[in-house]
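The values are calculated or read from the model by the stated rules, or taken from the named source; none is laboratory data. Since the model is a prediction, treat every value here as computed from it, not as a measurement. Cβ placement follows ideal geometry from the backbone for every residue including glycine, while neighbour counts extend to all protein chains displayed.
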Amino acid sequence: MAATEIVAVLDAGPLIHLDELGRLNLLNDFKELLVPQTVLDEALKHRPGLELGGLENLEIISEPPPLPADLLKLADELALHAGERAALAVLKARGGQFLLSDDAAARMVARAVGFQTHGTIGLILRARRRGKVSKAEMLQLLRQLPTRTTLHLRKELLDSILATAAAENI
Amino acid sequence: MDLCQNEIMKTVTIQYPDQLDEQLRKLVSAGWFKTPEEGVVEALRRYLSGHSVELQEKQILEDVEWGLHGRD
């Protein structure tokens, strides 16, 4: 299946967590993948060896535009970090569709102004739906979240997600 | 803004970087807060308002639905 026509902007969470799983390549399934330098700097703090060379569709945005007033007000109210603000600014300025983030507040702001937002778990499941990983690989990646990544997830919730994913005919 | 006058308050001792302290004290000097403590409480309140467990888990479940059944 060809990469979709979606332009996605990355926040640090999925970048860090997919790198921890050794599966950054799941991010190749977008038409364009935009990463503000601020986000990359944050990810590098957590993953100093982060290597993005395998991301063919990646564009690093060195100077994100200023955040528009509607987003700035929400970002202030929810105390978003610099990387999250930069990602939202790029999303707006470049006409992107998706914010890829694991941060609840950043996702809430993005959705409030009409963008779709998805995180690491959604990306893993999507990769199976789009035939990029086998079902066994998908389940293995989900099982590895608590031990190989810094993504915090309640055990009962993960068990429920695993059961749902295992029962799906995908 | 006054700290929550009628609420039972906790005391927490924290260490934070000089750079954050400098930014916080600028806000106090500019009149945004009466004290650095007020600024810390406001920052904590804002963070917690956007990071409840319920909100995070709701977003994850929506993500599962998209991951499994989305069209994009």
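Checking the conditions here, which among A:ASP76, A:ASP103, A:ASP70 is within 12 Å of the chain's Cα centre (by Cα), modelled with pLDDT under 95 and farther than 17 Å from A:VAL7 by Cα?
A:ASP103
Check whether at least one residue in segment B:41-61 is on the phi < 0 side of the Ramachandran plot, away from chain A (no Cβ under 14 Å) and under 15 Å from the mean Cα position of the chain (by Cα), and report yes or no.
No: zero hits.
To keep it simple, each residue is scored yes or no on (1) crowded, with 16+ Cβ neighbours inside 10 Å; (2) free of Cβ contacts under 8 Å to residues at least 60 places away in the same chain.
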residue	(1), (2)
A:SER101	yes, no
A:ALA104	yes, yes
A:ARG107	yes, yes
A:LEU125	yes, yes
A:ARG129	yes, yes
A:ARG148	no, no
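Would you mind listing the helices (runs of 4 or more DSSP H) fully within segment A:6-82 where at least 2 residues are surrounded by fewer than 15 Cβ atoms within 10 Å (Cβ to Cβ)? Write out each step before concluding.
Values: elements: A:12-20, A:37-46, A:69-77.
The helices (runs of 4 or more DSSP H) meeting that bar are A:37-46, A:69-77.
A:LEU55 - would you say it is touching a Lys or Arg at 6+ places or on another chain (Cβ under 8 Å), away from chain B (no Cβ under 11 Å), under 30 Å from A:ALA166 (Cβ atoms) and not hydroxyl-bearing (Ser, Thr, Tyr)?
Details: touching a Lys or Arg at 6+ places or on another chain (Cβ under 8 Å): no; away from chain B (no Cβ under 11 Å): yes; under 30 Å from A:ALA166 (Cβ atoms): yes; not hydroxyl-bearing (Ser, Thr, Tyr): yes.
Answer is no for this residue.
Among the residues of segment B:49-60 satisfying the criterion of being surrounded by 14 or more Cβ atoms within 10 Å (Cβ to Cβ) and of a type in the set (A, V, I, L, M, F, W, C), which is nearest to A:SER101 (Cα to Cα)?
Going through the qualifying residues, I end up with B:ILE60.
Residue pairs, Cβ under 6 Å, 6 or more apart or interchain, first in segment A:150-170 and more than 9 Å from chain B (Cβ to nearest Cβ), second among the hydroxyl-bearing types (Ser, Thr, Tyr) and surrounded by 15 or more Cβ atoms within 10 Å (Cβ to Cβ). List them.
Pairs that qualify, where the first residue is more than 9 Å from chain B (Cβ to nearest Cβ) and the partner is among the hydroxyl-bearing types (Ser, Thr, Tyr) and surrounded by 15 or more Cβ atoms within 10 Å (Cβ to Cβ), are A:LEU151/A:THR120.
Do we find a residue being closer than 22 Å to A:ASP29 by Cβ and either within 11 Å of chain B (Cβ to nearest Cβ) or among the polar types (S, T, N, Q) (or both) anywhere in segment A:84-99?
Among the residues of segment A:84-99, at least one is closer than 22 Å to A:ASP29 by Cβ and either within 11 Å of chain B (Cβ to nearest Cβ) or among the polar types (S, T, N, Q) (or both), which makes the answer yes.
Being facing another protein chain (nearest Cβ under 8 Å) and over 16 Å from A:LEU33 (Cβ atoms) narrows it down to one residue among A:ARG107, A:ARG143, A:ARG126, A:ARG111; which is it?
A:ARG107
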